[in-house]
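The values are calculated or read from the model by the stated rules, or taken from the named source; none is laboratory data. Treat the numbers as computed from the prediction; the structure is a model and nothing was measured. We place every Cβ from the backbone using ideal geometry, glycine too, and count neighbours over all the protein chains shown.
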Amino acid sequence: MYESYPKLKYLLLGIEIFSALVAILYYSELKHGYWKWFILFLIIISLQELTWFDSNNILSLKKRNYYTYFGIPFQYLFLYWLYAYKSLKKIKMFFLCSLIYLLSFLPLELSGVRVRVLYSLSSNMGNIILMFLVVLEFLKQIKNDNILNFGHNKMFYINIGVILFYIGTFPFFAFYHELLENVSIWNAYYLYFILSNCTMYLLFTASFICGKHQS
């Protein structure tokens with residue numbers, strides 16, 4: 001990864017670490033609420049990115065396998081929890097979304113086909129579920145007067161970031177190998193992938209700086 005834009009590799013890692021460090025500064029204010037887990041989420045993301053920054057194998061663990069079976073599922077499941085369980089207050093929806101996502105791994109395991117697992121059914125299903133939750137969160141925000149003070153709503157920044165990255169890059173991962181047939185299009189979309197990822201973590205950072213911690 002990052003072959004087309006090598007310098008952006010360092011920019012993205014720096015922004016992820018910066019986001020985690022800013023989040024840590026707000027721990028004392030958030031330690032009694034559920035937002036402390038969002039801080040932990042950002043710390044884990046930055047640590048795993050730092051750990052695998054220039055490594056494809058650590059001991060006997062391959063980078064692809066790590067992200068396929070832990071790194072990426074961890075991100076989806078946490079966001080399902082944040083959206084459905086905490087923000088939307090729909091506990092059953094959280095468990096249902098998580099179950100559907102985890103079941104999407106079964107065809108891969110049963111068939112034994114793992115070559116394209118990172119861009120496969122599970123990744124696409126994860127994005128589809130997230131799109132559903134993003135729409136529900138957006139509807140929640142515009143249905144009351146809080147939309148007038150959106151700049152103080154932590155979920156507003158998170159929602160925009162998720163839309164730009166996870167939703168915006170959905171076609172890139174859904175048609176990853178098809179896009180490889182046209183290098184210029186693949187490179188353009190890959191550039192968007194990197195820049196939207198950077199923007200998402202900057203928006204996550206803004207949620208701490210600008211958002212009210214009770215939101």
Just to be sure before I move on: is PHE208 surrounded by 19 or more Cβ atoms within 10 Å (Cβ to Cβ) and in a helix (DSSP H, G or I) in the structure I sent?
yes
Positions within region 87-102 being small (Gly, Ala, Ser) and either in contact (Cβ under 8 Å) with a residue 24 or more places away in the chain or not in a helix (DSSP H, G or I) (or both), in sequence order:
SER87
Only one of TYR157, TYR119, TYR176 that is at pLDDT 80 or above and at negative phi:
TYR157
Based on this model, can you work out whether LEU40 counts as out of contact with any Cys (no Cβ under 9 Å at 6 or more places or on another chain), free of Cβ contacts under 8 Å to residues at least 40 places away in the same chain and within 25 Å of PHE156 (Cβ to Cβ)?
yes
Does LEU50 satisfy the condition of being closer than 21 Å to ILE160 by Cβ, in contact (Cβ under 8 Å) with a residue 12 or more places away in the chain and not aromatic (Phe, Trp, Tyr)?
no
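To keep it simple, each residue is scored yes or no on (1) of a type in the set (Val, Ile, Thr); (2) surrounded by fewer than 17 Cβ atoms within 10 Å (Cβ to Cβ); (3) part of a loop (DSSP other than H, G, I, E, B).
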site: ALA20; (1), (2), (3): no, no, no
site: ILE24; (1), (2), (3): yes, yes, no
site: SER28; (1), (2), (3): no, yes, no
site: HIS32; (1), (2), (3): no, yes, yes
site: PHE38; (1), (2), (3): no, no, no
site: ILE45; (1), (2), (3): yes, no, no
site: GLN48; (1), (2), (3): no, no, no
site: PHE53; (1), (2), (3): no, yes, yes
site: ASN65; (1), (2), (3): no, yes, no
Starting from residues that are farther than 19 Å from ASN127 by Cα and surrounded by 11 or more Cβ atoms within 10 Å (Cβ to Cβ), keep the ones in region 91-113 and report whichever is modelled with the lowest pLDDT.
VAL113
All but one of (1) modelled with pLDDT of 95 or more; (2) crowded, with 16+ Cβ neighbours inside 10 Å; (3) within 20 Å of LEU195 (Cα to Cα) hold for LEU8; which doesn't?
(1)
